[in-house]
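Below you'll find the structure, written out as structure tokens, and then a few comments.
The values are calculated or read from the model by the stated rules, or taken from the named source; none is laboratory data. Since the structure is predicted, the reported quantities are computational estimates derived from the model, not experimental observations. FYI the Cβ positions are ideal-geometry reconstructions off the backbone, even for glycines, and counts take in every protein chain you see.
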Amino acid sequence: MGESENQLVTSIEHITQLARDYGLDFYHMRFEICPADVIYSIGAYGMPTRFTHWSFGKQFHRMKLHYDLGLSKIYELVINSDPCYAFLLDTNSLVQNKLIVAHVLAHSDFFKNNNRFKGTRKDMVESMSQTAIRISKHETRHGREQVESFIDDVLAIQEHIDPYESHYDERDHNNDTQDLLLFLLKKAKKMEEWQKDIMSMLREEMYYFWPQMETKIMNEGWATFWHQRIMRDLELNEGESIEFAKLHANVIQSSTTNVNPYHLGLRLFEYLEEKVGTERLFEIRETETDSSFLRNYLTKEFIQQEDLYVFSAKQENYEITSKDWTDVRDTLVNQRLNGGIPVLLVNEGDKGELVLTHSYEEVELDVPHLEKTLPALYRLWGAKICIETVLEGKDVLFSFDGSNVKKTYR
């Protein structure tokens, strides 16, 4: 083991003890040093082992190209599992790795203690490896192109599960269920057994990823809050302190047109610590999701202090539409409801069509995305698809019968 590796091992031990002293309670950690190709492959696939698909490859090449051109860099990669895996880029400096270690320890604490992760399988690394093997066997039997086309269609709707209902629930659903994938598994008449097997496995994977979607602001804010505190406790020299300050500033850089979860989460946890104390923060990180976190703790004082506002796109420009604190709070909460995924209630119509009703919460559906998704849903269901929603305050029905997408105002 070289000197730099010895320094990293010593730093990990020191940072781990500091985190424990602060009260962080995390899974047993396994840190691995990897080259960029491995890091970005895991980042694209979401796991060290997962089934192959063109979309993951496309994501990998985009991420790796940005890294090669110096446009972006993955600073952290941590897997919610027990033991918890964290991956460090082999070109990181010691200061970068110290920050990442502190950051992922707090992520692991969040994974272990937040209520939304309680039902998450902790053996998903092994489970996804088995899924990849099963999908590979289906490709051998039915042809890779046919299997990949089916996976394309499932991935287009994969987020539409019911995150608050057990994913092991095999009861027969009737009308008005949020779990579109389970509805298709039970009622799609033309779906073959191998297709149901694949959809069932992808549905299981989505239950693993869902809590992370629901807690993005909280989780990143929590990790940033603690890496900042732990790094300030380390005896950094002047050069290391400057490097850390630049890294941290880059992570929490705010934007005028997007919500940076690292920045908003950190600032809200700092604000709450001043108001209610550090001990109460641990209770908040246990019980809340992003939507409840923002609804309960985005105060008028905080919103004005952070100069938050509501804006809309006007042609090529952005225009502030409101700085009223309740508008800001409600907009942010609505954007984070259901992990930011539209809630669609599904049932089978009288003529065998699939009817979905959008539970409209002041956030409109992405129409171009909707029009691209309807054909995929049609292929999965095997008959006409209808989606009821609201656009510009008017009720509208989108439908697809295998030929063209139709939009009808009602």
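Across region 307-319, not a single residue is classified as in contact (Cβ under 8 Å) with a residue 24 or more places away in the chain, in contact with a helix residue (DSSP H, G or I) (Cβ under 7 Å, 6 or more places away or on another chain) and not hydrophobic (A, V, I, L, M, F, W, C). Listed conditions (1) at pLDDT 90 or above; (2) surrounded by fewer than 17 Cβ atoms within 10 Å (Cβ to Cβ); (3) touching a strand residue (DSSP E or B) at 6+ places or on another chain (Cβ under 9 Å); (4) under 30 Å from residue 401 (Cα atoms) are all met by residue 341, apart from (3). Does residue 290 qualify as being modelled with pLDDT of 90 or more, in contact with a strand residue (DSSP E or B) (Cβ under 7 Å, 6 or more places away or on another chain) and either farther than 30 Å from residue 165 by Cα or buried (at least 18 other Cβ atoms within 10 Å of the Cβ) (or both)? Answer is no for this residue. Restricting region 295-332 to residues that are crowded, with 16+ Cβ neighbours inside 10 Å and touching a Phe, Trp or Tyr at 6+ places or on another chain (Cβ under 9 Å), the residue that is farthest from residue 257 (Cα to Cα) is 297.
Taking the conditions (1) aliphatic (A, V, I, L, M); (2) in a helix (DSSP H, G or I); (3) at pLDDT 90 or above in turn, residue 157 satisfies each one other than (2). Looking only at residues in region 275-287 that are under 20 Å from the mean Cα position of the chain (by Cα) and closer than 20 Å to residue 252 by Cβ, which one is surrounded by the most Cβ atoms within 10 Å (Cβ to Cβ)? The residue in question is 285. Confirm whether residue 346 is touching a helix residue (DSSP H, G or I) at 6+ places or on another chain (Cβ under 6 Å), in a strand (DSSP E or B) and closer than 22 Å to residue 210 by Cβ. When the stated conditions are applied, residue 346 passes them.
Scanning region 371-380 finds one or more residues that are modelled with pLDDT of 90 or more and under 21 Å from the mean Cα position of the chain (by Cα). Within region 114-138, the residues that satisfy the criterion of being modelled with pLDDT of 90 or more and crowded, with 18+ Cβ neighbours inside 10 Å are 114, 116, 117, 131, 135, 138.
To keep it simple, each residue is scored yes or no on (1) acidic (Asp, Glu); (2) touching a Pro at 6+ places or on another chain (Cβ under 6 Å); (3) in a helix (DSSP H, G or I); (4) in the same structural domain as residue 370 (by TED's automatic domain parsing).
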| site | (1), (2), (3), (4) |
| --- | --- |
| 128 | no, no, yes, no |
| 132 | no, no, yes, no |
| 136 | no, no, yes, no |
| 141 | no, no, yes, no |
| 145 | yes, no, yes, no |
| 150 | no, no, yes, no |
| 162 | yes, no, no, no |
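When region 190-241 is filtered for residues that are under 18 Å from residue 101 (Cβ atoms) and touching a Lys or Arg at 6+ places or on another chain (Cβ under 6 Å), only 222 remains. The single condition from (1) in a helix (DSSP H, G or I); (2) touching a Gly at 6+ places or on another chain (Cβ under 8 Å); (3) under 30 Å from residue 399 (Cα atoms) that residue 333 fails is (2).
Inside region 312-362, residues that are aromatic (Phe, Trp, Tyr) and either outside the structural domain of residue 374 (by TED's automatic domain parsing) or within 14 Å of residue 295 (Cα to Cα) (or both) make up a count of 2. Summed over region 224-235, residues that are farther than 12 Å from residue 270 by Cα and in contact (Cβ under 8 Å) with a residue 60 or more places away in the chain total 5. Checked against the criteria, residue 62 counts as at pLDDT below 70 and either assigned to a helix (DSSP H, G or I) or in contact with an Asp or Glu (Cβ under 7 Å, 6 or more places away or on another chain) (or both).
The set of residues in region 244-274 that are surrounded by fewer than 15 Cβ atoms within 10 Å (Cβ to Cβ), farther than 24 Å from residue 116 by Cβ and of a type outside the set (A, V, I, L, M) comprises 246, 250, 253, 254, 255, 256, 257, 274.
Just so you know, in region 110-126 the residues that are part of a loop (DSSP other than H, G, I, E, B) and in contact (Cβ under 8 Å) with a residue 24 or more places away in the chain include one that is farthest from residue 281 (Cα to Cα), and it is 123.
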